[in-house]
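First comes the structure, then the notes that go with it.
The values are calculated or read from the model by the stated rules, or taken from the named source; none is laboratory data. Only a predicted model underlies this, so the values are computations on that prediction, with no experimental measurement involved. We place every Cβ from the backbone using ideal geometry, glycine too, and count neighbours over all the protein chains shown.
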Amino acid sequence: MFAVLKTGGKQYKVQAGDVLRIEKLSANAGDKIQFNDILMVGGESVTVGVPFVAGAAVQAEVIAQIKGEKVIHFVKRRRKHSSQRTKGHRQHLTLVRVTEVLASGAEKSGVAAATGTADARRTAHNAAAAPAAEAPAKPKRAKKAAEAAAE
């Protein structure tokens, strides 16, 4: 059985036992994760999602957090007043091993969903801002009126 999953803005065709280098996820080595954005599940019968297949998932185990090969960006301006600049970049990646492809029952698996680093920062930021939004500040007049009524 195979599946086509979407993560980090890319699509991957996977089956059990495959090892993938994907965009960085917020998970540690040894963690079990689950990809819920499944575009297609194949095997004996093919199921294509609109846009995702309901109840389907791919479970994987994080092997390591790695960096990709260095990409060199070289800029040179020709002739008079010329200058040159060299910059290098190594992309942060996550190495995962696919353990299982689930055609249905993904909600009951109990495995944490895979989230990218940007998603993790966004949820952490929203969680920190939520308590302030839940408890609106009472006006000073309302406090004084409540104290006067209590006396």
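Listed values, structure above:
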read-out	value
In segment 11-64, the residues that are aromatic (Phe, Trp, Tyr) and within 19 Å of Arg97 (Cβ to Cβ)	Tyr12, Phe35
Segment 12-32 residues that are more than 23 Å from Gly42 (Cα to Cα), paired with ones that are part of a strand (DSSP E or B) and hydroxyl-bearing (Ser, Thr, Tyr) (beta carbon under 6 Å, 6 or more apart)	Lys24/Thr94; Leu25/Thr94
Residue within segment 59-79 that is buried (at least 17 other Cβ atoms within 10 Å of the Cβ) and in contact with a helix residue (DSSP H, G or I) (Cβ under 9 Å, 6 or more places away or on another chain) present	yes
Residues located in segment 1-32, provided they are over 13 Å from Ala114 (Cα atoms), surrounded by 12 or more Cβ atoms within 10 Å (Cβ to Cβ) and within 14 Å of the chain's Cα centre (by Cα)	Gln11, Arg21
Some residue of segment 95-110 being β-branched (Val, Ile, Thr), closer than 30 Å to Val71 by Cα, touching a helix residue (DSSP H, G or I) at 6+ places or on another chain (Cβ under 9 Å) and modelled with pLDDT of 75 or more	no
When residues of segment 33-51 are limited to those that are of a type outside the set (S, T, N, Q) and under 17 Å from Gly116 (Cβ atoms), the one surrounded by the fewest Cβ atoms within 10 Å (Cβ to Cβ)	Asp37
